[in-house]
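Okay, structure first, notes after.
The values are calculated or read from the model by the stated rules, or taken from the named source; none is laboratory data. All values reported here derive from a predicted model rather than from experimental measurement. All Cβ positions, glycine included, derive from the backbone under ideal geometry; neighbour counts span all protein chains shown. These accessible areas exclude ligands, DNA and RNA; they are computed on the full protein's heavy atoms, side chains included. Shrake-Rupley method; radii C 1.70, N 1.55, O 1.52, S 1.80 Å.
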Amino acid sequence: MADKKKRRRTDPSDSDQQHLPFRNSLKSDEIILQTLKDLCSSSSSDGATGTLTLSDLGLASTCREVADLSLSSVQSTIETLILRLTHSILSGQGFSFSVPSRSSANQLYVPELDRIVLKDKSSLRPFANVSTVRKSAVTTRILQLIHQLCTKNIHVTKRDLFYTDVKLFQDQTQSDSVLDDVSCMLGCTRSSLNVIASEKGVVVGRLIFSDNGDMIDCTKMGMGGKAIPPNIDRVGDMQSDALFILLVEKDAAYIRLAEDRFYNRFPCIIVTAKGQPDVATRLFLRKMKTELKLPVLALVDSDPYGLKILSVYGCGSKNMSYDSANLTTPDIKWLGIRPSDLDKYSIPEQCRLPMTEQDIKTGKDLLEEDFVKKNPGWVEELNLMVKTKQKAEIQALSSFGFQYLSEVYLPLKLQQQDWL
């Protein structure tokens, strides 16, 4: 019995490390870091060549884009619009709004820009029409509220805006939709209207920036990280010694990487919108990419929705295609989890999920999108997903150990430069 008590206990972590699949394929961190430095240098040189615009491509007259406007410019534009409507009413013609169409038929993917833009088709929204009278009233009310924000120089959330007139708006989706219409009509970004979304995204890692004058060090924000400010115009002085930006779809994967301080082993900035990308996170990601000249690598679920989320960051959403120039981040590389990884990394069958009919339909629809067709690697991976009818979440890697993501999977991906 005495001998048994004195027997040295085996360290469970040592045992786990020995049985981690593909761990033996990892090279030293110094070799992986050199690979990242080469990627970073390549990204910096690409960023120095400049960005194409609609005017460069001769599309400025057939497509529309909005711009950042000052509060005084927004206020002046609203007043000019209302004066024109007043003259129309006084002349006995009633009034109507000319609203740019944001329907799918009025969207255009421009391969040279690698993003979706809005074409120039518009429709009338007359007040003296039963089908559009209510929406015209909502549009007028939104314009009035935006004018108030301009004169007072304050910010409100979309939820605040909705609660100013619940009976008229009825549902926040309606006031949100008209708010986007108003941005198109005035030719300005939504942030120029001083209407912001609630905080959702977070960032952690090798980044220092000023938030409304306060300097924030994202290496000292704990495991939860720093909430991404909703007012991008108050963010500045970005500084970083990171080699890349890691864009993560899920909050769970973000927490794992933050707790393991992955950004110290491989200098990076980790950011997530905790699912569907919000405007603030998209603006913040683009600002980091533009100012820091860093490559962006994306870690999303191996399912059609993961790829859709990636495409929103990279090519823009159809709902806000009018502001794609400000909301999209070019050249995001798809690091994982990819359909081919399921077999490559021997993901257990019980961790693979069967795709639903809706999943398969979404996957096939994505294969018809121009921004997917442009990238043969994406097409190959999506075809594999639809063929095998299997999907997997990032957390499937936890079947090999809770830290497999940060200890083996991501380092090996970076070492092999395995991104699309």
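Over the chain, with every protein chain in place, what whole percent of the accessible area is carbon and sulfur at 1.4 Å, could you tell me? Percent of accessible area from carbon and sulfur atoms in the chain: 51.
Can you work out the PRE-style zone for Gln172? Point 7 Å along Cα to Cβ, and I want the residues of the range 293-328 with backbone N under 20 Å. Counting backbone N atoms under 20 Å from the label point, the list is 319-320. Compared with the dominant principal axis of the Cα atoms in the chain, helix 172-186 is inclined by about 70°. The alpha-carbon of Lys135 sits under 17 angstrom from the alpha-carbons of these lysines, leaving out residues fewer than 8 places away in its chain: Lys167. Thr140 exposes around 50 Å² of accessible area when a 1.4 Å probe is run over every protein chain in place. Between amide H atoms placed 1.01 Å from N, distances below 5 Å from Ile347 occur with no residue 5 or more places distant or on a separate chain.
Using the beta-carbon distance between Asp160 and Asn24 and R0 = 45 Å, what value does 1/(1 + (r/R0)^6) give for FRET efficiency, to the nearest 0.05? Let's see the in-between values first.
Numbers: r = 56 Å, r/R0 = 1.24.
FRET efficiency, Asp160 to Asn24: 0.20.
Annotation for the range 114-161 versus the range 378-404: alpha-carbon center distance of 42 Å. Take every DSSP beta bridge whose two residues both sit in the chain, then give the antiparallel share in percent to the nearest 5. Looking only at bridges with both residues in the chain, the antiparallel portion is about 65 percent.
Would you kindly state how much longer the chain becomes between Val133 and Ser399 on full extension, computed as 0.36 nm times their sequence separation minus their alpha carbon distance, in nm to one decimal? Don't skip to the end; give the middle numbers.
Values: separation 266, 0.36 × 266 = 95.76 nm, distance 5.66 nm.
Result for the pair: 90.1 nm of gain on full extension.
If you build the Cα gyration tensor of the chain and take the root of 5 times each eigenvalue, what three semi-axes come out, in whole angstrom, biggest first? Spell out each step's value before the answer.
Numbers: eigenvalues 410, 110, 87 Å².
Values for the chain, descending: 45, 23, 21 Å.
Projected onto their three principal axes, the Cα atoms of the range 203-256 cover extents of 30, 24, 18 Å, largest first. Relative to the longest principal axis of the chain, what angle (0 to 90°, nearest 10) does the C-alpha long axis of helix 376-388 take? So the inclination is approximately 70 degrees.
Please calculate how many Å² of accessible area the chain carries per residue, with a 1.4 Å probe and no DNA, RNA or ligand atoms counted. The partial results should precede the final answer.
Details: 19960 Å² over 420 residues.
Computed with neighbouring chains in place, this is 48 Å² per residue.
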